[in-house]
Every structure is written in structure tokens, then in C-alpha cells.
Amino acid sequence: DYIWFEIKGKTFTDHDGETKALLISRDISQRKKLQEKLLSINEKLEEKVQERTSELKETQERLIRQEKLAALGKLSGSVSHDLRNPLNVINSSIFFLKMKLADASEKIKKHLGIIENEVHAAKRIIEDLLDSARIEKPAFTKINANDIIKESLQAIEIPPGIKLKKTLCPSPCIAMADKVQMRRVLVNLIINAIDAMGESGTLEVHCRLVDAKRVVESNKKTIAIDISDTGHGIGDEVLPHIFEPLYTTKKKGLGLGLPIVQEIVERHGGEIKVFTNQQGTKFTVLIPSK
Ligand SMILES: Nc1ncnc2c1ncn2[C@@H]1O[C@H](COP(=O)(O)OP(=O)(O)OP(=O)(O)O)[C@@H](O)[C@H]1O
Ligand SMILES: [Mg+2]
């Protein structure tokens, strides 16, 4: 270690008229050390502030997302409720007319049939609307992630030009989770992947057990499910918004898929990660194993 000195000096003329110099040196090692300490404390403090700020931002974004989802759920709930009544009235009137007009012309019967079908279609739309914005409290049961993957893939029609690569977990992948909600997570991610590829590409679903950082029960493994595609990727201007409710870049999208996926995964004590570039995108769902 060096010893640090501060040297001050001045020149003066003594009684004999000679010019002399006076130098005073002082050991400032202690001060230097303190300064360095202060600097490193400052740096650490800055890091902490940045950490906290980003935590706060995440919390804020989560709150906004939850609030928007809740508002959407409420709105769709009340719209559905209000629409269901008139539709039921139309339905009973059709029933009545069909009885009264049992021997009416084919044309009249055809039109009654059309009205009946359309009322059905409208009711389905209402159910879908209700389903799409509502997330029930998860009903936790013991599930095997491999089964959920298989069931989700069965529920989706994969275009013929898209190759599926499925790698299931070799060891049991058991979690406490809501089966229906976890399927919803995977189905949404797989549909997004297919949408990004269009006619052709490779869809990869990969399930594995990993050692991920876990606050509680750190000795337990985490189930990681990767859904990767070879689609167009997510641009820098789109990426910050993908988890916002109602954000979509698709003509027929609602922009509800990913916010719901994130909400469900978080309710399962898990998290979701995105990796993307121009060659494609990978979403990783992490949930605690049992
Ligand atoms: N695998 C992916 N590749 C490229 N872009 C994606 C991918 N997944 C999501 N995105 C982008 O994120 C946006 C939001 O996705 P999200 O699933 O929330 O809504 P959506 O698919 O547009 O509509 P919805 O899911 O409600 O039908 C998409 O519009 C798309 O721009
Ligand atoms: Mg989607």
C-alpha cells in the first residue's frame, strides 16, 4: 500500500533577502481510504436504487395489467349478461313461431332456422368473450406437465407445412397446478408461435426440469416448458408491449393471449421468459415442481 501525501508549498523572502521555499507535507492516506470507501458505497447505493426502480416498474406494470384484465372481465361480464336476456327472448319467440307455423312454407321455415342458428352463434360469441377475459382462481391439483403438453397439442390444428418437434421430460414433471389454465397457457403460446410462422416452419415444444432460483423450497426443481418457433420474431418496438392487455399486431387479434398467460403463470408462482431474434422466438414457462 502506498502512503498518500498532500504537499503544499510557498516561496518567501527571508531577512537576508534570500528567496526560500516552505513545503508542508501531510499524510492523507486515511482520507484517501475514506474517499474510496465512500465511492464504492455510492456505487452500491446506485445499484440498489436501480434494482428497486426496476422492481417498482415491474410491480406497477403488473398492477396495471391486472386492473385492465379485471376491467375487461367486468365489462364483458355485464355486456354478456345484458345480451343474454334479449337473446333468450328471441329464442323463445322462435320456439313459439316454429310451433305456430308448423305448416308454413319452406321459405319461412328456412328463415326461422337462420334466426335460430344466428342466435346460437351470438350466444357462443358471448361465452367466448366471457371466457377470454376471465381468469378464475386456479383449482390446484397434481398434474404431469407432459400430459398437459400432449393435451394442448391435441387441441390445436397444426398447419401441414409446420413441423412439430416435441421433447417431453424424461423424469416425472409433477406440479400443483390448474389443468385447464395450464392448457390455456400452452395453447395461447403455441397459437402465437404458429401465427408467427404462417405456412411453414418448425414448432418446438420442450419440457425439462431445471434448477432455477426459488425463494421457497430452494431444493426443489422447476419445470421449464419452451415453446419455440422459427417465425418472424418480435421487433424492438413491439417487445415492450406484448404483455399489455389489448396490445396486438394482428388483424384479428384481441391482444389478450399473453397478458392472460402471464397472469396465470404468476398465479402458479412461476414466471415467463421471452427470447427473440429475426430467426424466431422462444417463450419459456417456468413453474415450481411439486
Ligand atoms: N411467437 C411470437 N412471435 C412473434 N410475435 C409474437 C409471438 N407471440 C406474441 N407475439 C406478438 O405479441 C403480440 C401480443 O400477443 P397476444 O397473444 O397477447 O395477442 P394476439 O395473439 O395478438 O391476440 P390474441 O392472443 O388475443 O388472439 C402479438 O400480436 C404479436 O405481435
Ligand atoms: Mg395470441
Can you list the lysines whose alpha carbon sits under 26 Å from that of LYS33, skipping same-chain ones fewer than 8 residues off?
LYS8, LYS44, LYS48
Under the Karplus relation with 6.51, -1.76 and 1.60 and θ = phi - 60°, whole-Hz ³J(HN,Hα) for segment 183-200, x at Gly and Pro, equal 4, 4, 4, 5, 4, 4, 5, 5, 5, 4, 4, 5, 4, 6, 9, x, 6, 9
Let me have the 222 nm mean residue ellipticity of the chain computed from DSSP H runs of 4+ only, each contributing -39500 (n - 2.57), with the sum over all residues rounded to the nearest 500.
-17500 deg cm²/dmol
Find the centroid of the Cα atoms in segment 79-121 and in segment 266-290, then give the distance between the two in whole Å.
46 Å
Show me 105-111, 171-177 ranked by packing, highest mean number of other Cβ atoms within 10 Å first.
171-177, 105-111
If I histogram all Cα-Cα distances within segment 141-288 using bins 10 Å wide from 0, what percent of pairs lands in each bin?
11, 43, 35, 10, 0
What value does segment 75-140 have for Rg/Rh, both radii from Cα atoms and Rh as Kirkwood defines it?
1.17
Yeah, segment 37-80 with a ≥ b ≥ c from its alpha-carbon gyration tensor (a/c under 1.5 is rounded, else prolate when a/b outruns b/c, oblate otherwise) is prolate
Compute the whole-percent fraction of alpha carbon pairs in segment 5-50 spaced more than 16 Å apart.
63 percent
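Return one quarter of the surface area of the convex hull spanned by the alpha-carbon atoms of the chain, equal to its mean projected area, in nm².
29.3 nm²
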For LYS74, the lysines lying under 19 Å Cα to Cα, once residues fewer than eight places off in the same chain are dropped, come out as LYS123, LYS137
Which stretch or stretches of segment 46-82 have amide N atoms under 12 Å from the point lying 7 Å from THR249's Cα along the Cα→Cβ direction?
none
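Which order, highest average first, do 142-151, 78-87 follow once you tally other Cβ atoms within 10 Å for each residue and take the mean per peptide? Could you put the intermediate results ahead of the total?
Numbers: 142-151: 18.3, 78-87: 12.9.
Ranking the peptides 142-151, 78-87 by packing returns 142-151, 78-87.
I'd like the FRET efficiency for VAL274 and SER40, computed as 1/(1 + (r/R0)^6) with the beta carbon distance as r and R0 of 25 Å, rounded to 0.05. Intermediate results must be reported in sequence, preceding the final value.
Details: r = 35 Å, r/R0 = 1.38.
Once rounded, the FRET efficiency stands at 0.10.
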Take peptides 274-283, 62-71 and line them up by average Cβ neighbours within 10 Å, highest first, as a rough protection proxy.
274-283, 62-71
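A short reminder: the numbers here are calculations on the coordinates, not readings from a lab. These numbers were taken from a predicted model, which means no experiment stands behind them. Glycine gets a Cβ as well: all are built from the backbone with ideal geometry, and neighbour counts include every protein chain shown.
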